[in-house]
Amino acid sequence: AQSVSQHNHHVILSEAASLELGCNYSYGGTVNLFWYVQYPGQHLQLLLKYFSGDPLVKGIKGFEAEFIKSKFSFNLRKPSVQWSDTAEYFCAVNLWEGARTTDKLIFGTGTRLQVFP
Amino acid sequence: DGGITQSPKYLFRKEGQNVTLSCEQNLNHDAMYWYRQDPGQGLRLIYYSQIVNDFQKGDIAEGYSVSREKKESFPLTVTSAQKNPTAFYLCASSIPQGTNYGYTFGSGTRLTVV
């Protein structure tokens, strides 16, 4: 079955450190890729998404992600984290089957990020 | 403002009881989804519906049921057959394929079996 792997389960950083969260998926066909963030006590919201074109995607709050097709990866990066980035981050993939997508997202297990001042 | 409303925010259920979680959206989205979130397991799909009066099982549908009688509403019933119902339940909706495709999530319902 298709799956999404997030190998970093819990990441602890100090403010101003650089961040990279890993995301790998298992599917040989075309995909749409997403990163969602869940701040404490808040609902999930979209950080960024990749459908096609430039594999380097920029999102909100200074986040970016790079799609590397050969590695089946879509890692999330931020050059300098802030205390307010403390949250849980979810990678998700939407699969194309034939001429259309499956219209449902497969999520990874999430990465909990804690940023200390 | 358009969005998804899930109610209640917290729900307590006795073992052996059925309970229904509400999800309403005013985004005019065709597709709606129910996910279950457990620590360390991410979000797992329970049921989804792409059109009124039609729905499909997700990866963990056993012990759950849904209905989609109106475009705006997609209630989830957690039945007594669900062996481990204590979890955080998230409802989402989306427009069909296209460059604007993506989910909008509700704020969730935390169900606890006592």
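Coordinate-derived values only; no laboratory data. This structure is a prediction, so every number in the text was calculated from the model and none was measured. Cβ atoms come from the backbone with ideal geometry, glycine included; neighbour counts cover every protein chain shown.
Which net charge results when you count Lys and Arg as +1 and Asp and Glu as -1 among the other residues whose beta-carbon is under 11 Å from that of A:Val57?
0
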Query - Under Karplus coefficients 6.51, -1.76 and 1.60, residue-wise ³J(HN,Hα) of region A:31-41 in Hz, glycine/proline x - result: 9, 9, 10, 9, 10, 10, 10, 10, 6, x, x
**Report entry** Quarter of Cα convex hull surface for the protein assembly as shown, i.e. mean projection, nm²
**Finding:** 13.0 nm²
Query raised in the report: When only C-alpha pairs under 8 Å and at least 6 residues apart count, what is the relative contact order of chain B, in percent?
Result: 35 percent
**Report entry** Stokes-Einstein D for region B:1-54, Kirkwood Rh over Cα pairs, 37 °C, 0.692 mPa s (µm²/s)
**Finding:** 246 µm²/s
Query - Base-10 log of normalised Debye intensity for chain B (one unit scatterer per alpha-carbon) at q = 0.11 Å⁻¹ - result: -0.32
Query raised in the report: Suppose R0 equals 22 Å; then what is the FRET efficiency for A:Ser26 and A:Glu64 from their Cβ-Cβ distance, rounded to the nearest 0.05?
Result: 0.40
**Report entry** Cα-Cα pairs of region A:17-117 separated by more than 16 Å (percent)
**Finding:** 55 percent
Report task. Step through the residues of region A:50-57 one at a time and calculate ³J(HN,Hα) from phi using the Karplus curve (6.51 cos²θ - 1.76 cosθ + 1.60, θ = phi - 60°), rounding each to whole Hz and writing x for Gly and Pro. Result -> 10, 10, 6, x, 3, x, 9, 10
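Would you mind checking A:Lys104/B:Lys9; A:Lys49/A:Lys69; B:Lys14/B:Lys71; B:Lys9/B:Lys70; A:Lys61/A:Lys104; A:Lys104/B:Lys57 for any pair whose Cα atoms are more than 19 angstrom apart?
Over 19 Å apart, Cα to Cα: A:Lys104/B:Lys9; B:Lys14/B:Lys71; B:Lys9/B:Lys70; A:Lys61/A:Lys104.
Tell me, what is the FRET efficiency for B:Ser22 and B:Ile60 to the nearest 0.05, using R0 = 25 angstrom and their Cβ-Cβ distance as r?
On the way: r = 20 Å, r/R0 = 0.80.
Once rounded, the FRET efficiency stands at 0.80.
Between A:Ser80 and A:His7, what is 0.36 nm times their sequence separation minus the Cα-Cα distance? Round to one decimal in nm. Don't skip to the end; give the middle numbers.
Working: separation 73, 0.36 × 73 = 26.28 nm, distance 2.10 nm.
Extra length from A:Ser80 to A:His7 when fully extended: 24.2 nm.
What is the sum of charges around B:Gly108, taking Lys and Arg as +1, Asp and Glu as -1, for the other residues whose C-beta is under 13 Å from the C-beta of B:Gly108? Let's see the in-between values first.
Details: positive: B:Lys9, B:Arg36, B:Arg110; negative: A:Glu88, B:Asp38.
Computed value for this residue: +1.
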